[in-house]
Protein chains: 2
Amino acid sequence: MHEVTTCDLTTLKPFIRAFVPVCVPVVMFVTSRPVTADEGMWMPQQIPALASKLEALGFTGDASAFADLTGYPMGAIVSLGGCSASFVSPDGLIATNHHCVQRSLQYNSTPERNLMEQGFLAKTRSDELWNGPGSRVFVTVSVRDVTDDIVGKLDPMLADRMRFEAVEKRVKQQTAAGEQGGLRCTIASFFEGKKWFEISQMEIEDVRLVYAPAAGIGNFGGEVDNWQWPRHTGDFSFYRAYVSPAGKAVAYAKENVPYRPKHWLRVSPRGANPGDLIFVAGYPGRTSRLTPYAEVQQTVEWSMPRTVKRNTDQIALLEKLSMEDQETAIRVAPRLRGLHNSLTKTQGVIKGMHQGGLLAEREAHEKSLLAWIDADPKRKADSGDVLPALNALVADRARTRERDALLAEVAGGTGSVMGAAQTIYRLSIEKPKSDMNRDPEYQERNWSRLREAQDRLQRSLDVKADRVLMTYSLAEVAKLPASQRIDVLDHEIGLAAGMGEAEAGKAIDAFLGKLLAGTRLYQKDVRLACHDMSTADLLAMNDTAIMLTAALYPLTEANREKAKERSGATYRLGPRYAEVLLARHGGAVAPDANGTLRVAYGQVMGVPARDGLRYLPQTTLQGIVEKATGASPFNAPAAELAAIQALRAGKMTPYLDPQLNDVPVDFLSTVDTTGGNSGSATLNSKGELVGLLFDGTYDTVASDYRFDPVRTRSIHVDTRYMLWTMAEVDGATNLLDEINGLPRSVDAPQPTH
Amino acid sequence: MHEVTTCDLTTLKPFIRAFVPVCVPVVMFVTSRPVTADEGMWMPQQIPALASKLEALGFTGDASAFADLTGYPMGAIVSLGGCSASFVSPDGLIATNHHCVQRSLQYNSTPERNLMEQGFLAKTRSDELWNGPGSRVFVTVSVRDVTDDIVGKLDPMLADRMRFEAVEKRVKQQTAAGEQGGLRCTIASFFEGKKWFEISQMEIEDVRLVYAPAAGIGNFGGEVDNWQWPRHTGDFSFYRAYVSPAGKAVAYAKENVPYRPKHWLRVSPRGANPGDLIFVAGYPGRTSRLTPYAEVQQTVEWSMPRTVKRNTDQIALLEKLSMEDQETAIRVAPRLRGLHNSLTKTQGVIKGMHQGGLLAEREAHEKSLLAWIDADPKRKADSGDVLPALNALVADRARTRERDALLAEVAGGTGSVMGAAQTIYRLSIEKPKSDMNRDPEYQERNWSRLREAQDRLQRSLDVKADRVLMTYSLAEVAKLPASQRIDVLDHEIGLAAGMGEAEAGKAIDAFLGKLLAGTRLYQKDVRLACHDMSTADLLAMNDTAIMLTAALYPLTEANREKAKERSGATYRLGPRYAEVLLARHGGAVAPDANGTLRVAYGQVMGVPARDGLRYLPQTTLQGIVEKATGASPFNAPAAELAAIQALRAGKMTPYLDPQLNDVPVDFLSTVDTTGGNSGSATLNSKGELVGLLFDGTYDTVASDYRFDPVRTRSIHVDTRYMLWTMAEVDGATNLLDEINGLPRSVDAPQPTH
């Protein structure tokens, strides 16, 4: 499934990552391949320029409507931070994917009442369940070009570290200025710093769970069908945004009232059909189609195989734990899902890059660019140094990559007690600084979100999971070569280069016993109290997790410093690189995805899947009957199977497709999407909601690195399946009434006929 | 894959089974469903009556050509006994499936030179390898209606056991008379004894291996792809028929010469393309589409689940053995392949009958027939007793089915030393009788084949395999209920009803230790010597396997007697049943398959496979590249991958399909086929060979019990892939010259323009 991450702090930070690309110096530029009809996650303001292409695909509406972020339909499109979503009623009802509401289902589950399995329906507003801290709805209200403000008149001779400082400072100032009016402001770079935009968003903090079908519908097929077709997943759920009675975005409070958006999508009861032109509006996370070859090569040949190995091993460890302990099982379930998802995706990317030949294409592509630069003396003089310099940055990073990756795991492991300690400790160091001098992640504007993250961490923090995962990572720390040792860990644990596995294992076991017994950070109240403490007070606690974090701080800080210097270099080189590429290729190009609002378009269409096999564009209820086994992940609920039987016996439904003589479930499209797009509204030419994007086929995943115009397909759930399930399986009549019963927009004109 | 059996004596007996249906009282009649264009494995003489249907599908040839078994193309169609094949050169070259030549590859393999893996090509005639004893080519030369001779003027009051005797005697007499001229003669019943035909065949005994590609081509995909689509198996190989210099069918001799058939097929270099009308001519084994419901129900609900359990368990046992011992591995390989194949097929039939609703259809069908009989007083008086009486036979057999199935396994286990002992012992009892009074299997005409089977058994007989499989069967014998005990085994082993598993296991282990140590029948010479011995002399050997067989003989003989009585009842009831059905339905109907020569027709066509998925009609070399992993069963040879690369680099080949821009590998068709059809010639409208039938899709297997006109698809290898492999991979230029270089027929006219 498409999702950025599901269970850690970083889910909250897509925009932070977008405007401070410290660790991922991604260069964005233009490809030489002909841009196909369906490639491109476009900035909304680019859509009007595509009008003639859209008309060729049968579009008769007004393309400029997409550029108006406060009009219909874009005013209804929202981000959940990591997932996409949309308003579908005047009372702030939000449609998104089932897999995007997992954290809420987890937060509201108990061993006795597992909402992740059985689903949830609030029959009245008062039954709606708060998602817990950290859940957000972001409504983008404006996007403004601020390139001059951020990188205008920068001294070209500035050293890289100073260049980084200067850009970061301007970003902070611009952000602060932009947030005067109470909106959340994000400064995002496009085309590797050639363009900068300021994105202003309303940030709704009280978000509640309204309806999620059972796992046997919402996650039907589970990991077995993940990235696969034919697909029969009912990957939809509903949230509702709440604000204060005065209409302000405030923290959760019982007396809050439903938010009334200016726009909400009409939900079409006719879904999408083969050949239909459709649009997907949402927040794709990140693509690297235009990254230089050296960077992609390192990702494909080092990072991804490493991910495959780690995820495989960690899944085995956590699944074993889950079988032993039901409470641990609930805590680690979303993390397991994330690991599985990332494992499958990573394997697919590796396959596509190697077997599909995409890596070789990228290499050939860069060689041809270099030859083109070399062919002209002036070009060579102007730009001949750019690629070698960017490659040198990659090589520099590679020198300590093993050590740095392990350090990040141990010192700030996602969802672990050490991750919590690192946030607490760094906050204590950043707080005494003036806000403008703080690391952006630790500026005052993020404090409440950091605090909420510590709060909701309680649902997934598990000492047993920490122990097996740290044991795993430290065993590799023990094996690091002499040139990459982590001295602090060697000293604390008693490790040394070349030590035998058994000896190291014993030392690690003893160390973790002390570490995990000596920390009180597994207690939520302690973690929250720590948020207000000074560094000295923290150290005085003598908490083992804090003390280890402090001991590791000099090295983690040195790594951050180095990364900032590399980013400064990227700010210097990236725009020049983009320029030489634009000079060579030109044309209307969508920038790589960076977590900001985009619109993509395409058609409902099957695809030749493998030699001798074709994926048809739609699936139907019939496939659910064929796949249902009664056991997870093919545990279609009895109520659903009975409803299908009733349909077969002649029960009428408005959601029947006369062509298929069945209710459509999922469909394929040529629309260009990626992680973060999950839950995105899928719109027809009239701007009506016809489905929700929730996945791509396995052949699609390598498109993050190079778009494949032939095989790429996105997977959507059809609104007819959503509405049929609500009507015939779960009896969600209250929501059907809310969706269907009212005019669609308070005042705005419709974008089409 | 379609095959009747691969590694046991019964492979030699399709015709014996066809004319003495002792154990399988299959009733054949007419279905009420509209006969679709493609249903039916027709007797060749029925084809002319289908001329208008064929014309509607675009046929412009002379349909009556198919009825002439001595003309073109039918004169080129042969049986291998269990598989089908066809002559493709004037020098007796025979095309069939790779999986049909497994026994020859096994017979000619050694631990050092595993032909099953590496394949084989004779570059000259003198390199061709004798298949070993028991391999046959049967050329059907005439088919004659002998109904009156077999069942005319039978006393309607005869008791069932006497009726069986009378029919068997007439069959034997007719067979003996028919074989006066030196041909092999088979009397086969159609429409459950309503019709009887005499089939005369030339029986060629010296058959040699000419060419088989490597397993990485001939069995590419192996068990993983078995019954699946998309398929990329190059399931083709070549034999050659040899006769004495005087042109007689004689035993293998070095000086024998290639047989020169009167007709041989033109091999088309243009293969088959989507929409093409094609014909499949071959020897389908057995279908039960018209069997009464009670029989089908017992098969689906008792026999098949039993097969699934046994095959699963036996595969595990034999695979474990194979890993421990390379010689055992070679011996049991064909048996393992047969077990896998039957397991997959049986699971598919169960799925189709249950999930596909075919069993329920059969039940409803019979209920409606019963209602129709009851609705008319005369019909009720005439035929009301038929179905209840047939059902009573099924119920009678069911009473001791557990015991009888286990007895058959222990006393005559396929490919085991006990199976060999049973043949030897029964032969010694039958031999002293006059030939007319012998059991048909033991008549003189079968002696040389029985002997050859004992000879070739040496290649697969394995004491370790016998031990694990007999341990498995005897453990179940130990668990039989008190009402179904096998007293002889209880006594010999020391078993009793209700005995604990451990105790029984110990007794069985001790018993098998003695049994297997005390027999010399693992030695080929001893087995062959036994074929000439009297019962008394055999008993005097005091061989443990012979002694156990003798001890079990009274019970096995009593079971045969009971089966004969039931068959006699079937001879009485079957024709009446067929009559009532014909009275109700009428029309041109193909009889159920019974191992005799048939022609089926259909079109090259894809199929909706599952909800959201479509099988395309063809696969190409591209799929081999996609699937190849280097490891079995996806171990495409390096030479093949290089040849594909050369093709991609521009090397010309006449076998390229311009539509696909690749060489086609396999294709799907709507042709109605079943086990035994393997290796069947696939002909185009001109009677040219365009492929070889080798399998059906998984959705097709239940069609043996009820034809599914929508989902049924056969799988063929395209001649273009055969010829391309011969030319570009294996350098079989000698065979290409032989196939291409000469006129196609000595004298006969062609069936079409």
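The values are calculated or read from the model by the stated rules, or taken from the named source; none is laboratory data. Note that the structure is a prediction, hence the values are computed from the model and not measured. Neighbour counts are summed over all protein chains in view; Cβ atoms, including those assigned to glycine, are modelled from backbone coordinates with ideal geometry. Side chains are part of the model used for accessible areas, which takes the heavy atoms of the whole protein and leaves out ligands, DNA and RNA. Shrake-Rupley method; radii C 1.70, N 1.55, O 1.52, S 1.80 Å.
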Accessible surface buried once B binds A (1.4 Å probe; total of both sides; Å²) = 1400
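So, with a 1.4 angstrom probe, what is the percent of accessible area on region A:571-689 that is carbon and sulfur? Working shown, then result.
On the way: 2210 of 3970 Å².
Ligands and nucleic acids excluded, carbon and sulfur give 56 percent.
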Quick one: Cα centre-to-centre distance for region B:418-438 and region B:99-158, in angstrom?
-> 23
Accessible area expressed per residue, region B:303-382, with surrounding protein chains retained (probe 1.4 Å, Å²) | 49
Probe 1.4 Å, heavy atoms of protein chains only: per residue, the accessible area of region B:419-532 in Å² is 44
Listed by chain and number, the lysines with an alpha carbon less than 21 angstrom from that of A:Lys248, same-chain partners under 8 positions apart left out, are A:Lys262
For chains B and A related by rotation, which residue of B has the Cβ nearest the axis, and what is the rounded distance in Å?
-> B:Arg614, 2
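How much mean residue ellipticity at 222 nm does chain A get from its helices, if each DSSP H run of length 4 or more adds -39500 (n - 2.57) and you divide by all residues, to the nearest 500 deg cm²/dmol?
Numbers: 26 runs with 305 residues, N = 753.
Value at 222 nm, helices only, nearest 500: -12500 deg cm²/dmol.
How would the protein assembly as shown be classified by its alpha-carbon gyration tensor: rounded, prolate or oblate, with rounded meaning a/c under 1.5 and the a/b versus b/c comparison settling the rest? It would help to have the intermediate numbers written out before the result.
Values: a/c = 2.03, a/b = 1.97, b/c = 1.03.
Because a/c hits 1.5 or more and a/b exceeds b/c, the protein assembly as shown counts as prolate.
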Which whole-number percentage describes the relative contact order of chain A, with Cα contacts under 8 Å and a sequence gap of 6 or more?
-> 27
Put the label 7 Å from Cα along Cα→Cβ for B:Met157; what are its distances to the other copies, in nanometres, shortest first?
-> 13.0
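Taking the highest mean first, how do the peptides B:249-262, B:145-158 order by number of other beta carbon atoms within 10 angstrom per residue?
B:249-262, B:145-158
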Using a 1.4 Å probe over the heavy atoms of the protein chains, calculate the carbon and sulfur portion of the accessible area of region B:74-265 as a whole percent.
-> 52
By average Cβ neighbour count within 10 Å, what is the ranking of B:564-574, B:282-292 from highest down?
-> B:282-292, B:564-574
Centroid-to-centroid separation of region B:36-59 and region A:241-260 [C-alpha atoms, Å] | 75
One decimal, nm, nearest first: from B:Pro48 to the same residue in each other copy, label points 7 Å out along Cα→Cβ, the values are 8.0
Quick one: if you stick a label point 7 Å off each Cα along the C-beta vector at A:Glu444 and B:Val141, how many nm between them?
-> 10.8
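Can you bin region A:505-559 into rounded, prolate or oblate? Criterion: square roots of the alpha carbon gyration tensor eigenvalues sorted a ≥ b ≥ c, rounded for a/c under 1.5, prolate for a/b above b/c, oblate for the rest. Don't skip to the answer; put the middle values down first.
Values: a/c = 2.37, a/b = 1.23, b/c = 1.93.
Because a/c hits 1.5 or more and a/b fails to exceed b/c, region A:505-559 counts as oblate.
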In sequence order, calculated HN-Hα J values of region A:304-310 (Karplus, 6.51, -1.76, 1.60; Hz; x Gly/Pro) | 5, x, 5, 4, 4, 5, 5
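Of the lysine pairs in region B:400-586, how many meet both conditions: Cα atoms under 18 Å apart, and a spacing of 8 or more in sequence or different chains? If you can, show how the numbers build up before the last one.
Details: B:Lys464/B:Lys506; B:Lys464/B:Lys514; B:Lys464/B:Lys524; B:Lys479/B:Lys506; B:Lys506/B:Lys514.
The result is 5.
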Taking square-rooted eigenvalues a ≥ b ≥ c of the alpha carbon gyration tensor, is region A:400-586 rounded, prolate or oblate, where a/c under 1.5 means rounded and, failing that, a/b exceeding b/c means prolate?
-> oblate
Portion, in percent, of the accessible area of region A:303-382 that falls on carbon or sulfur, probe 1.4 Å = 57
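When only C-alpha pairs under 8 Å and at least 6 residues apart count, what is the relative contact order of region A:227-292, in percent? Please list the in-between numbers first.
On the way: 26 pairs, mean separation 12.5, N = 66.
For region A:227-292, the relative contact order is 19 percent.
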Sequence neighbours fewer than 8 away in the same chain don't count; with that in mind, list the lysines whose C-alpha is under 18 Å from B:Lys153.
-> B:Lys169, B:Lys172, B:Lys194, B:Lys195
Could you tell me which of A:Ala159, A:Val210, A:Pro258 has its Cα farthest along the dipole of region A:74-265 towards the positive end, charges placed at Cβ (Lys, Arg +1; Asp, Glu -1), taken about the Cα centre?
-> A:Pro258
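Using a probe radius of 1.4 Å on heavy atoms only, what accessible surface per residue do you get for region B:40-157? Whole Å² is fine.
Working: 4130 Å² over 118 residues.
Value returned for region B:40-157: 35 Å² of accessible area per residue.
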Take each of the peptides A:597-604, A:723-730, B:489-496, B:361-368, average the number of other beta-carbon atoms within 10 Å over its residues, and list them starting from the highest.
-> A:597-604, A:723-730, B:489-496, B:361-368
For A:Ile187, which sequence-distant residues (separation of 5 or more, or a different chain) have an amide H within less than 5 Å of its own amide H, given hydrogens modelled in the peptide plane?
-> A:Ile199
at A:Leu582 the sorted inter-copy label distances (label 7 Å from Cα on Cβ side), in nanometres, are 8.6
So which residues of region B:226-262 lose at least 20 Å² of accessible area, probe 1.4 Å, when you go from the chain by itself to every protein chain present?
-> B:Pro230
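Please report, in debye to the nearest 20, how large the charge dipole of region B:74-265 is about its Cα centre when each Lys and Arg carries +1 at its beta carbon and each Asp and Glu carries -1 there. Walk me through the numbers before you get to the answer.
Numbers: 22 positive and 22 negative charges, 74 e Å.
The calculation lands at about 360 debye.
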Taking the Cα centre of each part, how many Å lie between region A:657-689 and region B:334-363?
-> 37
Report the one residue of B:Thr140, A:Gly357, B:Thr328 whose Cα lies farthest in the direction of the positive end of the charge dipole of the protein assembly as shown (charges on C-beta: Lys and Arg +1, Asp and Glu -1; origin at the Cα centre).
-> B:Thr140
Can you list the lysines whose alpha carbon sits under 21 Å from that of A:Lys53, skipping same-chain ones fewer than 8 residues off?
-> A:Lys686
How many Cβ atoms of partner chains, on average, are near each residue of B:604-614 if near means within 10 Å of its Cβ?
-> 6
